[in-house]
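The structure under discussion appears below in the form of structure tokens.
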Amino acid sequence: MTYGEVRKTIIFKLDDPEQRAMYEQIVTKTNFSKLVKRFLAAELQRMRAAQQQSLQQTFNQSNAITYQSPQQPNK
């Protein structure tokens, strides 16, 4: 099965000094597509790790066993 290519657009508002600086420093001087893919991959990895940690905490809480020592009969 062949999927081909998908393109997404990122818009920079050049009137905004911060966005203009990003555009001038990143887009014009790097392989922008590769950079965005690396950022997305890192973010997905972070999200998966956070989800896994949340699932682990839920599992630990739901399976917590409180140990109580057996009661000794009163003499």
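Read-outs: derived from the displayed coordinates by stated rules, not from any lab. A quick note: this is a predicted structure, and the numbers were derived from the prediction, not measured. Note that each Cβ is placed from the backbone with ideal geometry, even for glycine, and that neighbours are counted across all protein chains shown.
Of note:
- Near Thr30: Cβ cut-off under 13 Å, other residues only, Lys/Arg at +1 and Asp/Glu at -1. The net charge is +3.
- Set of aspartates and glutamates with alpha-carbon distance to Lys29 below 18 Å, sequence-local pairs under 8 removed: Glu18
- With both labels modelled 7 Å from their Cα along Cα-to-Cβ, the Gln53 to Tyr3 distance reads 2.8 nm.
- Sequence-distant aspartates and glutamates (8 or more away, or on other chains) whose Cα lies within less than 12 Å of Lys13: Glu24
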